[in-house]
Structure formats: C-alpha cells, structure tokens
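The structure appears below as structure tokens.
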Amino acid sequence: AKLRDQARMKYAAAMASMREMGYLAVGLGKSEIKSDLFATLASYGLQKEQRPFTLAANAVGVIDGKPVPRETHFKVDSDRRPMVEALEVATVGKVPVGVGGVVGRALSEASKEGKWDSGLDFPDAQKSVRGILKALADHPTKPELKVLLFQGPSGDAELVAKFDTGFDVIVSSTDETNPPMVPAKVGNTLVVHTGTRGQYVGVVGAFKKPGGGFDLHYQLVPMTEAFLTPGTDADAYKANKVLPILQE
C-alpha cells in the first residue's frame with residue numbers, strides 16, 4: 001500500500017510539472033491501467049479540471065460484464081469533463097492544435113491476459129481513431145496540426161498512419177529504453193517514440209508551408225545535466241516552477 005501511495009504522489013507531481021511546462025494532454029497507458037486507475041486519476045484530476053488531460057477515446061468501463069461508455073464511466077459531475085477524455089484542442093502560439101488518444105489492441109489484450117483491471121476495456125481502437133479525426137475536422141477551432149497519442153508498439157502506430165491518414169504526428173509508446181533518434185515517416189505522418197522512464201523528450205518543430213500544411217522536424221533530446229537550472233539552489237527555485245513541486 002505504501003508503494004502504491006508513493007507511486008500516486010509521483011504521478012500527481014509529474015502531472016503538475018507537465019501542467020507548468022504547458023503540456024496539453026497525456027495518453028492513458030500501462031502504468032495507469034495497472035495501478036487502480038480511478039484512484040490514480042483522482043490524485044491529480046479529482047479536485048480541479050486542469051491540463052494535462054488524460055486521453056483514451058476507446059476506454060470503457062465494465063460493470064456486471066456490460067460496457068459503460070467512457071463519457072459516463074469517468075464522469076465526476078455534470079459540470080466537468082470526464083477524467084478520461086477522447087481529445088483536447090488548444091491554440092499554441094497562433095496554431096490550433098488537436099490531440100487525441102487511444103489504447104491499441106496489443107495493450108488492450110495484454111491488460112485482459114494479465115487481468116490488470118477487470119472493470120476496464122479498450123475495444124475497437126481503429127473506430128476510435130476515425131472518430132477522433134472526424135471530431136477534429138468538425139471542431140469549431142479547426143485544428144491545423146493533428147497529433148495522436150497511441151498506446152502500443154511502433155509497428156502498430158505505423159499501421160494507423162498508413163490506413164488512417166490525417167494525423168501530422170503519432171506518438172507511440174514503447175518499452176525501449178533507448179528509442180531511435182530518427183522517426184518513421186509514413187506518408188505525411190511522423191511516427192515518433194521517446195522511450196521509457198522520462199529519459200528523453202521528443203521535440204517536433206512544425207513550420208508552416210506557404211501552400212498550407214507543415215514542414216515537420218524532429219529531435220530526440222536526452223535529459224542530461226545540461227538542462228539543470230543555472231545559479232544557486234535559491235535562484236533555481238525562483239526560476240523553475242517544477243522544482244518546488246518535486247520538493248513538496
């Protein structure tokens with residue numbers, strides 16, 4: 001129980017840190033599914049609706065063997081969004097960005113085989129992917145840059161890019177500690193994966209092309225001591241909003 005409590009504290013601190021860094025959304029993945037999902041989500045998102053939102057469009061609840069829609073199963077109250085959402089849209093700089101999330105078949109089957117959580121299921125990822133693309137196309141903000149957070153191996157993410165075109169970037173989860181430095185390019189879609197344990201940050205630079213669309217460039221950045229906040233500890237705490245979160 002103590003290890004589980006510690007893990008939730010780390011989760012809440014990581015989510016709060018990403019909020020301060022401007023992250024819009026995170027994908028729902030293996031760690032959350034295995035760790036009592038509702039309690040984990042509640043440690044950050046129960047008291048206040050705030051970014052980063054957790055995305056898994058094909059997440060459903062299972063009660064007495066029957067599926068419960070995501071919008072109902074993860075609803076806290078009528079005035080707030082569900083704790084697990086399908087997508088998030090925001091304007092970054094001057095560019096409307098749409099982010100969606102799904103759990104792929106491989107992770108869904110692993111969850112069932114490992115009996116991680118009998119109260120959850122993740123059916124028909126492909127249908128949900130197409131639902132995300134339609135919702136982004138119909139969104140009043142009209143996102144120009146479309147990103148999919150895909151929980152599953154990179155080979156499956158590349159199949160998504162092949163058959164469901166429309167995303168500029170697909171971020172794939174992977175168990176690799178040292179992910180490839182060069183992303184896969186499937187049609188006009190970059191498929192990237194950044195490894196595990198927060199050792200790397202994947203950075204996509206999106207440059208508008210005169211005729212429309214984006215010229216995309218990718219860099220996998222290792223989180224080394226080069227990124228330590230300079231100056232004394234006191235200087236660092238004043239300059240870096242994440243350090244007080246970690247200390248707390």
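The values are calculated or read from the model by the stated rules, or taken from the named source; none is laboratory data. What you see is a predicted model; the values in this text were computed from it and never measured. As a convention, Cβ positions derive from the backbone with ideal geometry for all residues, glycine included, and neighbour counts pool all protein chains shown. Keep in mind that these areas ignore ligands, DNA and RNA; they rest on the heavy atoms of the full protein, side chains included. Shrake-Rupley method; radii C 1.70, N 1.55, O 1.52, S 1.80 Å.
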For the stretch 103-118, the count of residues that are open to solvent by 20 Å² or more (accessible area, probe 1.4 Å), under 18 Å from Phe38 (Cα atoms) and free of Cβ contacts under 8 Å to residues at least 60 places away in the same chain equals 3
Over the stretch 204-248, the set of residues touching a residue at least 40 places away in the same chain (Cβ under 8 Å), closer than 25 Å to Val186 by Cα and of a type in the set (Lys, Arg) is Lys208
Apart from one, (1) part of a strand (DSSP E or B); (2) buried (at least 17 other Cβ atoms within 10 Å of the Cβ) all hold for Ile132; the odd one out is (1)
Among Val76, Val62, Val99, the single one that is farther than 21 Å from Arg197 by Cα, assigned to a loop (DSSP other than H, G, I, E, B) and touching a Leu at 6+ places or on another chain (Cβ under 7 Å) is Val76
Considering only strands (runs of 3 or more DSSP E) wholly within the stretch 155-198, the ones with at least 2 residues that are open to solvent by 10 Å² or more (accessible area, probe 1.4 Å) and not β-branched (Val, Ile, Thr) are 184-186
Subset of the stretch 23-65, residues among the small types (Gly, Ala, Ser) and either open to solvent by less than 10 Å² (accessible area, probe 1.4 Å) or closer than 16 Å to Phe150 by Cα (or both), comes to Ala25, Gly27, Gly29, Ser31, Ala56, Ala57, Ala59, Gly61
